[in-house]
Each structure stands twice: as structure tokens, then as C-alpha cells.
1. Mind listing whichever residues of the stretch 1-24 are in contact (Cβ under 8 Å) with a residue 12 or more places away in the chain and either on the phi > 0 side of the Ramachandran plot or of a type outside the set (S, T, Y) (or both)?
2. If only one of R219, R199 is under 20 Å from G166 (Cα atoms), at pLDDT below 90 and surrounded by fewer than 12 Cβ atoms within 10 Å (Cβ to Cβ), which one is it?
3. So how many residues does the stretch 31-53 have that are surrounded by 16 or more Cβ atoms within 10 Å (Cβ to Cβ) and on the phi > 0 side of the Ramachandran plot?
4. Which condition breaks for R48 when tested against (1) in contact (Cβ under 8 Å) with a residue 12 or more places away in the chain; (2) not assigned by TED's automatic domain parsing to the domain that holds W104?
5. Report yes if P74 is assigned to a loop (DSSP other than H, G, I, E, B) and either without any contact (Cβ under 8 Å) to a residue 40 or more places away in the chain or more than 33 Å from the chain's Cα centre (by Cα) (or both), otherwise no.
6. Please work out if R244 is basic (K, R) and either in contact with a strand residue (DSSP E or B) (Cβ under 7 Å, 6 or more places away or on another chain) or crowded, with 16+ Cβ neighbours inside 10 Å (or both).
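The values are calculated or read from the model by the stated rules, or taken from the named source; none is laboratory data. Keep in mind that this is a model prediction, so the values were computed, not measured. FYI the Cβ positions are ideal-geometry reconstructions off the backbone, even for glycines, and counts take in every protein chain you see.
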Amino acid sequence: MACPRCGTVKREPLAFLADNPFYTKRFAFYVGRRCRASPIRDVAKELRLDWHTVKALEQQYMRAQLRRAGTPGPRVIGLDEVSIKKGHTYRIVVSDLVRHRPIWFGGQDRSEASLDQFYAWLGARKTARIRLVVMDMWKPFRLATTRHAPQASILFDKFHVLRHLGDALDQVRKNEYARVSGRQRRFIKGQKYTLLAHRENLTLSGRQALKTLLAANKRLNTAYLLKESFGQLWDYGREGWARRFFDRWRAALKWQRLGPYEKFAAMIERHWEGIAAYCHPENKVALGFVEGLNNKVRVLQRRAYGLRDEEYLRLKILTCMLPAL
């Protein structure tokens, strides 16, 4: 605009325009809502726009979502890492387990220094209000949390613990396959899913195969039954009862020659405090949200195949659980 007073040309912002002045905010928000359910390429084809333009409008929409959500002040958080490319390139995702939404995505890897960036972003005042942190048994996460939030209880994620037990069962299966004779190997080969799955999830033919498999090898039978019974540990309401169950479960390993299970039991012993914390009533939180969010991130990565913009991925993750504008 040409100012008649001073004779200079000035720019005056208009509140209804988007960051791209060729479009309004209302249209940008429409594009953002469409991109929540469709890839950028499909939205660009439908609206006859360049996909770079659609991407920029969607980013403006997602930033507006974050502004409306406000700065988080979580009481219970979940920590997990996600792989963003090949070569063990990780980023940390922090979730608010009370409001069921991701609140931070970043870091350079899954190291202690990367998690320090989250606590620095959250601030000392809000960090002091955290009462529970759910994580896997990763030492850098535990050390950083203990240093920044010493008042918070640490709870190890049940799904990561059971995944270690599943790996132990898989190792037992491979050892038994190498030990048995050729006639018995046909009962073990190709039965990995049958052993690792829960019995109620198997079909009729799968249960028959499991019965034949366990009858052929008693050691696999023992390992399978021990794996199925270990999930009972999270059903106890008091730490003493849970400890008594674990001691009996560990005693059942005696004379069974299950080396991977003994290593697993030693790992549980070292991290017992983080597992027993679930027995307290105030720590009964939805442990599946952290792992479910990890699956959600993988879906977003598949939809954004070909994009190498980490800022775009960060916005998609942080807004995937927010309501539409």
C-alpha cells in the first residue's frame, strides 16, 4: 500500500489470509482437514494445486492446532523411540498418558542428552509436577529421568518386558530345533508364530499344531507354559504378592536348562522396582498407548513416503491425536 502521508510503500497484514497470500485461512484449514485422512498427492490432485502448496497449507493448519492445544503440563508421561530412517537413526517421542496425546518429538538419537532436551523444553517447574514416567528398560532414559525428575516413579512398559520374554522363547525354540533329530524337526520348523501367540488367538488347526509340537518336546512345553503364566505378574494389586509370584516363577526354572529364560529372570531382578511400581493403584495407567502411538507413527511414515522433511513429520505426530479445527 502506498502511504499518502510519507510517500512510501508499506505492507499491511490481513488477518483472513494464510501464510501464502494467494489463499485464505479458511481454505488452508480446509486443506489441513482433508490431509488428516488423505495423502498430500491425492489432495493436490483433487484441488488442482501443486503438492508443495498443499504441504505448506497443511503445516499452517497443524501449527494452528498446536497453538490452540497450548503448552502441556503433564503428570504422567510415556517415553519411546521411533526409527525415522535406516542406519539406527532414532528420535524420541514423549506422550501425555492422561490426555492421550504426544507432546514432544525430537532429539538426535535415543541418548541421555537427547532426552535432556525434552526436560529443558518442558521447564523445571512443570518437570517437578511429573509423578510417573512409563518407559522401556533403556538405561539413558532412566538416568535422564532420575536426574531431572527425581520425584517421579519409573514404570517399565509391560509390552517391552513381554517382548524380551518372547525373544527368549524364540531362542529356546531355535536351540531345540538344532538339538532334536531330523524326524522331530518337522514338529518345530515353521511353528514360531504358534509358540509366540496366545492360545486364545490360535485357530483350531493352530491349536492342534501347538498340541503336537509340545508333545514332541517337553522342554518347549515348559518354556511355553512359563511364558503364558508370566503375564499374571501385572494382575496383582500389592507388591508383596507380585514378588512372591515372581520368586515362584523363577524357582520353576531350576533344572530346566533354559538359559535364555534365566537371563530374562536376571534382567527382571535388576529392574524389579520399575515393574513392581504398577502394583500401586495410582500407577494404573494405559500402558498400551505408548506402543499404539509407535504403530501410528509407522502409518504416518508410510503415508509420507518420499518426504524428507523432519519438521513435517514432527507436526504430523504432535497433531495426530488433536481434534480438528
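1. Answer for the stretch 1-24, where residues must be in contact (Cβ under 8 Å) with a residue 12 or more places away in the chain and either on the phi > 0 side of the Ramachandran plot or of a type outside the set (S, T, Y) (or both): A18, D19, N20.
2. None of the others qualify; the one that does is R199.
3. Here the count works out to 0.
4. Against the list (1) in contact (Cβ under 8 Å) with a residue 12 or more places away in the chain; (2) not assigned by TED's automatic domain parsing to the domain that holds W104, R48 comes up short only on (1).
5. No: the conditions fail for P74.
6. no
Let's see how each residue does on (1) assigned to a helix (DSSP H, G or I); (2) surrounded by 11 or more Cβ atoms within 10 Å (Cβ to Cβ); (3) of a type in the set (K, R); (4) out of contact with any Ser or Thr (no Cβ under 7 Å at 6 or more places or on another chain):
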site	(1), (2), (3), (4)
A286	no, yes, no, yes
F289	yes, yes, no, no
L293	yes, yes, no, no
K296	yes, yes, yes, yes
L300	yes, yes, no, yes
R308	no, no, yes, yes
L313	yes, yes, no, yes
K316	yes, yes, yes, yes
L322	no, yes, no, yes
